Each structure stands twice: as C-alpha cells, then as structure tokens.
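The values are calculated or read from the model by the stated rules, or taken from the named source; none is laboratory data. Everything quoted here is computed from the prediction, not taken from an experiment. Cβ placement follows ideal geometry from the backbone for every residue including glycine, while neighbour counts extend to all protein chains displayed. Surface areas here come from the heavy atoms of the whole protein model, side chains and all, with no ligands, DNA or RNA. Shrake-Rupley method; radii C 1.70, N 1.55, O 1.52, S 1.80 Å.
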Amino acid sequence: MSALLTSLTLAALAAPALFSPANPAGVTWTLGTVQPAGRGAITPGAALARPTLRLDGSGASLKITGNTGCSPLTAQAALKGQALVVRGVQAGGSERCTDAALSLREDYLRLLNATTRYDLNGGTLILSGGAGRLTFTRTGGAMTDTPTDSLDGTWQMRVTPGPAGPERGQALLRFTFSGAKVTVAGLAGCNTVTGSGAVIGQRVVFGGVASTRKLCPGAAGTAENRILGLLRAPLTIERQGGALVLRGQSGQLTLTRAPVPAPTGGATPDPAATYTLTRLNGQPAPRTLRPVTLSFRDGRLGGSDGCNSVGGEYVIRAGRVELGGGLMGTKMACPDQPDLGFQTFFEQRPTLTVQGGTLTLRTAEDTWEFQAR
C-alpha cells in the first residue's frame, strides 16, 4: 500500500478539484447500488437513508467525507488515472443503526475499503475492487448543478417495472417538472392516470394519483398495479446518463426526455388549449358518447375519439402532423356511436392550420374542424 501511494504521489499531476468527466472530486455522490463479488446489484430499500461520499483534493491527497446512511464517514484516498486507493476508513458509532441499516453499513464499508478503481460516466460513479462494486449517482444533479442537468421539462416513461425485469405494456406516462412541482399524466396500462406532487430533496412525492377504473386483465393489469403502487409512494430520484430513474421499494420507472415538436415557422396549436371537434367535412360533428377532443402539449397529442382516451407522440413537419409510433388508447366498447376512424385519419399525416381559435386538420378526403376551449 505505501509503495503504491508513493508512486501515486510522485506521478500525480496538479489536477483541479472541480467535477469533470475524468475527475470525481468536488462532488457529493449518493449510493445507488451495492454489488458484492459474484452477486447481483442490490438496491437499498426506499426506507433506508442512502450512504454518501465526497472526495476533495487531488492526486495522492484526497480527503473523503460522507456517511454510511446511519453514521459519519471519513477516509483518505490517492488517485491516478483510473486507479483510486482508499485508506484509513473511519465510521462513527453504529448505535443509531437499525438492523437493515447496519447490514448496508457493513457492506458499504467493506467494499469501500477494497476499492482499487473508479469509472465515471456522466452522473454515475462506480468504485470497484476485488470485493465487488459500489455505484453512485451525483447528489443534487437534478436541482443544484448546471442548467443542462435540470429536471425542468417533460420526461416520458420507457420501461415499466417488474421484480425480475422490465415488463413492456401499453403504459405511456409523462412527467412534467417545473422547479419543485411535478405532474404525471398518461396511460398506466388500460387506465388514464393523473397526479401532482413535489420534488423534496432527492425524492418525488405525489400528493394524490387518480386513475380511471376500467378492468385491465392479465399481465397488463399486473404491470399497471405495480406502476400505480410506485406512484403512490415516495420515489428516489437518480440520474443515469441521459435517463432519469424514479426508484421505489417495488421497482423503478426509467424516464427519458420527451421529444419536443419541431418549429414549423407558422401557426401552431395553443399548448394550453383543448380543441373540440365541431365540424366534419363541412357538416356538424356527429353525436358521440364524449366530445371528440385534441390537445397538443410538449410533443404529445392527447384527447378522446368520442369513446376512448387516446394519446401518442407527434411532430409537425412541413405543416403535417406525424405520429411517432401510432396512437395508444383505452379499449372501451361504444357500439351505439359512429366510428370516426381516428387512427386511420392520423396515419394519413393530415395538414394542420390554426386561425384564431379554429384548428383544422385535412387529408385528401376529410376535413376536421376544431374549436379551442
């Protein structure tokens, strides 16, 4: 150990202590997973406080501070290239540690003492050695770092949770962050979901999540129930490269930035408006169980086809509405009303014009007129 530290000291360059793609110093890191040698990654339960780690200094003179989740932590370290040697680890007393926290503390300290290498990829830091590996995410990256790391904007879910791996269903949820406020809306399987909440520290807490009550059988129903269960409990925020992970006790939701419609150079739909169908091919709109509506917000088209809720990603290119992957919707049967061919209409990439509160969609055969409300 002393020979290695001497070698590191003689060869170390005066690297700055600021965060960079090649230097983990100057940043507080929060533990995401523990992976002992020969075992899978273990994610601490949501009820446990996550251990933290901070490195300050450079070269062979790094100082480590942080905590084990239930006791303070100090150590020294030496850094050269991808080599990171940790020594002199001291942790405070364990009197306040629960049994679960004590087990996490022991694994954390053992793997930290065995660290010989680090890997840094965006907001993820991995410390590894013969005993296993520790994976960290940058603390506060969503709220306190550079503007490019801000959560503000709309994110979409691309993976639904499952205890043994992802389950892919009809779920399509969108999370919109604005400072400390967050909303969720979309489909969780067969039902429409809406909710609002807040970012508190490194967690998202929804004050209430409502959903429709249609029967969603089989695997889709199981996945939907897991999603709703996750949304109704606190979720820990983690950044993994360009993805945002909301992690709960029974799984996780992995989000990516939602696409934003490209500017068209002309009139665009009012994102705050809901447009209601008033005329179809010059005639009054047919009577339907529900009004036929459309909304265009943050790259997502939503609304109702008169029977079912529908939604999908869209962009406007050369004045035409183009869907990314088609429309998704609920599956209610409405035998006593006309089928307007919503899906087929949008597959034809209708042209879009907006004049005042009137939005018009046209294909070669059909013209649909909507009014903003």
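Here are some notes:
- With DNA, RNA and ligands ignored, accessible area of Ser178 (1.4 Å probe; Å², nearest 10): 80 Å²
- Relative contact order [Cα under 8 Å, 6+ residues apart], region 189-317, whole percent: 15 percent
- Considering only the Cα atoms of region 246-369, their convex hull presents on average a projected area of 9.3 nm².
- Ordered by 1.4 Å accessible area with all protein chains kept, Arg247, Arg39, Arg320, Arg96 run largest first as Arg96, Arg39, Arg320, Arg247.
- Listed peptides 227-238, 97-108 appear in the order 227-238, 97-108 once ranked by packing, highest mean of other Cβ atoms within 10 Å at the front.
- Stretch gain in nm, segment Thr278-Ala219, where the contour uses 0.36 nm per residue and the Cα spacing is subtracted: 17.4 nm
- A straight Cα-to-Cα reach below 24 Å connects Lys63 with the lysines Lys80, residues fewer than 8 places away in its own chain not being considered.
- Take Phe346: with every protein chain present and a 1.4 Å probe, its accessible area is about 0 Å².
- Proximal lysines relative to Lys214, as straight alpha-carbon distance under 30 Å, when same-chain residues fewer than 8 apart are discounted: Lys181, Lys331
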